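Reviewing the structure listed below.
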Amino acid sequence: MNAPLVVGNWKMNGLQTEGLNLARQILRQINKNSDGAEVALAPPFTALPALAKALRHSRLKLVGQNCHWEASGAFTGEISAPMLDELRCEYVMLGHSERRHVFHETDDMIARKLNAVMAHGMRVILCVGETLAQRRRNKTNAVVTSQLDAALKGCVKGVIEKLEIAYEPVWAIGTGLNASPEQVSGVHENIRNYLRSGYGKPKGSAVRILYGGSVKPENAPTLAEIKEVNGLLVGGASLKAETFVPIVHAFNKK
Ligand code: PGA
């Protein structure tokens, strides 16, 4: 297993200079304690060129928040995998719950995007997770498994080596509600079993499974103790160095 991965998802926040300042602050502070977790930032697309330049020789990696499945064409308002690759993104996040639920992205679209990202040599952070209604009906593992199936079943060969999974319960994103350690561990174990049975033990064990949903400096140490939590996807708390850096530090020791 590689080092844990902690990703800051800035969503639609921050102008270029704000993003640059934040990235520089984060970098300065994480460099004081430099071994341990891999750290990546998912800024708005408009900040990517400035960050790509400023972070070129640093340990901070870049993540695209989304991308289209075609490389170019008449798709107003979209961005493509080669464009993100050109901006030095090492990862692309796909299937985030805001994309699925606010912008109505389907499993089929996510599967097509996944193939496009793979074709351009970047890694995918595939987000999965259940709504509150689905959890209440005890459908959590079934929903997560069907999201994984839909994204991965028809995917290009070798996908497993370029994949991170982020489990984010929809009801915990931006709400301040926390999944309990038992809930997190149950779903992560289920994802791990899915990966091992589909791709074999060595490959299925090497995929990092991140957790996301109202992660804060207060709950990061508990999450770091859960066996199958191999990193985090952090939204609101990644918008300030003073809340993001302690979260990274919680995973430096893992
Ligand atoms: P949050 O967002 O940490 O603000 O809940 C997480 C995410 O959407 O990835």
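The values are calculated or read from the model by the stated rules, or taken from the named source; none is laboratory data. Here the structure is a predicted model, which is why all the values come from computation and not from measurement. We place every Cβ from the backbone using ideal geometry, glycine too, and count neighbours over all the protein chains shown. Note: areas computed on protein heavy atoms with side chains; ligands, DNA, RNA excluded. Shrake-Rupley method; radii C 1.70, N 1.55, O 1.52, S 1.80 Å.
At q = 0.13, 0.21 Å⁻¹, what is the base-10 log of I(q)/I(0) for segment 99-225 according to the Debye formula with one equal point scatterer per Cα and no solvent? Please give it to two decimals.
So the normalised log intensities are -0.53, -1.34.
Which order do the peptides 173-186, 117-130, 200-213 take when ranked by the mean count of other beta-carbon atoms within 10 Å per residue, highest first?
117-130, 200-213, 173-186
List the chymotrypsin sites (Phe, Trp or Tyr not before Pro) in segment 49-150 that DSSP assigns to loop (not H, G, I, E or B) and whose Cβ has at most 11 other Cβ atoms within 10 Å. Which are they?
Listed in order of number, the matching sites are Phe75, Phe103.
For a protection proxy built on the mean count of beta-carbon atoms within 10 angstrom, sort 245-254, 78-87 highest first, please.
With the highest mean Cβ count within 10 Å placed first, the list reads 245-254, 78-87.
With each pseudo-label sitting 7 Å past Cα toward Cβ, what's the Arg59-Lys203 distance in nm, one decimal?
3.0
Magnitude of the Cβ-charge dipole of the chain, K/R +1 and D/E -1, about the Cα centre, nearest 20 debye?
440
For the chain, build the convex hull from the C-alpha positions and give me its volume per residue in Å³.
Convex hull of Cα atoms, per residue: 117 Å³.
Which whole-number value in Å² is the accessible area per residue of segment 92-158, probe 1.4 Å?
In whole numbers, segment 92-158 has 47 Å² accessible per residue.
With every atom except the alpha carbons ignored, what do you get for Rg and Dmax of segment 123-165, in angstroms?
12.0, 36
Compactness ratio of segment 12-62: Cα Rg over 2.2 N^0.38 Å, N = residue count?
Dividing the Cα radius of gyration by 2.2 N^0.38 Å gives 1.08.
What dipole magnitude, in Debye to the nearest 20, does segment 165-251 give about its Cα centre under +1 on Lys/Arg Cβ and -1 on Asp/Glu Cβ?
Dipole magnitude for segment 165-251 comes out near 380 debye.
Against the globular-protein guess of 2.2 N^0.38 Å, express the Cα radius of gyration of segment 156-254 as a ratio, rounded to two decimals.
Rounded to two decimals, the normalised Rg is 1.10.
With each pseudo-label sitting 7 Å past Cα toward Cβ, what's the Ala142-Glu242 distance in nm, one decimal?
Label-label distance for Ala142 and Glu242, simple model: 4.6 nm.
At a 1.4 Å probe radius, carbon and sulfur cover how many percent of the accessible area of the chain?
Whole-percent figure for carbon plus sulfur exposure: 52.
Grab the DSSP H runs of the chain that are 4 residues or longer, score each as -39,500 (n - 2.57), total them, divide by all residues and round the 222 nm result to the nearest 500 deg cm²/dmol.
Using -39500 (n - 2.57) per qualifying helix, the result is -12500 deg cm²/dmol.
Using square roots of five times the C-alpha gyration tensor eigenvalues, list the equivalent-ellipsoid semi-axes of segment 69-115 in whole Å, biggest first.
Each semi-axis is √(5λ); the values are 18, 13, 10 Å.
Taking just the alpha-carbon atoms of segment 81-139, what radius of gyration and Dmax come out, in angstrom?
According to the Cα coordinates of segment 81-139, Rg and Dmax are 13.5, 44 Å.
For segment 1-141, what does the equivalent ellipsoid look like in terms of its semi-axes, each the square root of 5 times an eigenvalue of the Cα gyration tensor, given largest first in whole Å?
26, 20, 14
Quick check for me: using +1 on Lys/Arg Cβ and -1 on Asp/Glu Cβ, what's the dipole size of segment 108-254 about its Cα centre, in debye to the nearest 20?
The dipole of segment 108-254 has a size of about 380 debye.
Could you order Arg112, Arg135, Arg192 by accessible surface area, starting with the largest, using a probe radius of 1.4 Å?
Arg112, Arg135, Arg192
Modelling each spin label as a point 7 Å along the Cα-to-Cβ direction, I'd like the Thr175/Thr76 distance in nm, to one decimal.
That separation, rounded to one decimal, is 3.5 nm.
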